[in-house]
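Worksheet for the structure shown next.
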There are 2 protein chains.
Amino acid sequence: MRIGELARLAGVSARALRHYEDRGLLVPGRTGGGYREYADTDVARVAQITAMISAGLNTATVGRYLGCARTGEHGTSLELCPGLSAELVAIGERLEARLAELRDQQARLRELASAD
Amino acid sequence: MRIGELARLAGVSARALRHYEDRGLLVPGRTGGGYREYADTDVARVAQITAMISAGLNTATVGRYLGCARTGEHGTSLELCPGLSAELVAIGERLEARLAELRDQQARLRELASAD
DNA sequence: GTAAGGGTTCACGTCGGCGAGAAGGTCAAG
DNA sequence: CTTGACCTTCTCGCCGACGTGAACCCTTAC
């Protein structure tokens, strides 16, 4: 299939798909006319990519661990992916820190708003 | 006083003070040699600026409402600042939305990490 | 053959407070 | 006079997943 159809099926923009290719996450074939040619399995691959990105992994990290993270019903073992577990923990910590920052900011905002 | 001293007293970088001036939040005088000349009251002004910024206001908004937000013990009425109250509410809402996003992200991250 | 609706590759914009380096001027002290 | 601390303006960089034209090529239907 071509990029538009995959975009529809996967629920992302064509621009995003080109971006993933740019980052090496998706490597479609090419037709004679230069069009990108995607396989059916790429729908699942994109789902995996978006799942990881929405969890806070950047494209470089996604690239390193693409294929060994559980994304659906058939759980792939994390053991197959040395380092992923630690990476997830690190991301979780940064996320927690960011949440704490925002909560502090929220407190300061309330402080400002509590004028007479 | 000059920029270095104000930076120390206010606990910000000299770069930040130049940035505030760039945004029109701080307008120091100039010495014959071209040095910025700050008044003693600017220490409090900077405190007010950083308080508002740390609460999530951007420099443009700080500029609009600088001087009428409560920052210390002597509460200035919000009534003197038409619009500030609404602005704070809007910022609070965006902040809450961002917090919700991050909590969702945290959930998705846990989802990823819960592989077998 | 031609119009329509894809597709392609750049390449800059976003969001913004401030870090950081370059190149050079000002000034008090030894 | 000279060092050296501190100051000046200028300008790019950051953090990154995309949005958004611009200018042009491919394919298919009619």
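The values are calculated or read from the model by the stated rules, or taken from the named source; none is laboratory data. Note that the structure is predicted; figures quoted are calculated from it, not measured. As a convention, Cβ positions derive from the backbone with ideal geometry for all residues, glycine included, and neighbour counts pool all protein chains shown. Only protein heavy atoms, including side chains, enter the accessible area calculation; ligands, DNA and RNA are left aside. Shrake-Rupley method; radii C 1.70, N 1.55, O 1.52, S 1.80 Å.
Quick notes
- Against the main long axis of the alpha-carbon atoms of chain A, helix A:42-54 sits at an angle near 10°.
- Residue A:111 exposes around 110 Å² of accessible area when a 1.4 Å probe is run over every protein chain in place.
- Put a dot 7 Å past the Cα of residue A:96, heading toward its Cβ, do the same for residue A:31, and the two dots end up 5.0 nm apart.
- Computed 3J(HN,Hα) for segment B:33-40, one whole-Hz value per residue from the Karplus formula 6.51 cos²θ - 1.76 cosθ + 1.60 where θ = phi - 60°, is x, x, 6, 6, 10, 9, 8, 4, glycine and proline marked x.
- Dipole axis of chain B (+1 Lys, Arg; -1 Asp, Glu on Cβ), positive-most option in B:12, B:49, B:88: B:12
- Under a 5 Å amide H cut-off, with hydrogens placed 1.01 Å from N, residue B:37 pairs with B:29, B:30, B:31 among residues at least 5 apart or on other chains.
- Cα-centred dipole magnitude for segment A:3-113, charges only on beta-carbon of K, R (+1) and D, E (-1), debye, nearest 20: 300
- Size of the A/B contact, given as accessible area buried on both chains, probe 1.4 Å, in Å²: 2800
- Rounded to the nearest Hz, the phi-derived 3J(HN,Hα) couplings of segment A:92-109 under the Karplus curve 6.51 cos²θ - 1.76 cosθ + 1.60 (θ = phi - 60°) are x, 5, 4, 5, 4, 4, 5, 4, 5, 4, 5, 5, 4, 4, 4, 5, 5, 5, where x marks glycine and proline.
- Across chain A, the mean sequence separation of Cα contacts (distance under 8 Å, 6 or more residues apart), normalised by length, yields a relative contact order of 18 percent.
- Ligands, DNA and RNA are left out, and with a 1.4 angstrom probe the accessible area of chain A is 57 Å² per residue.
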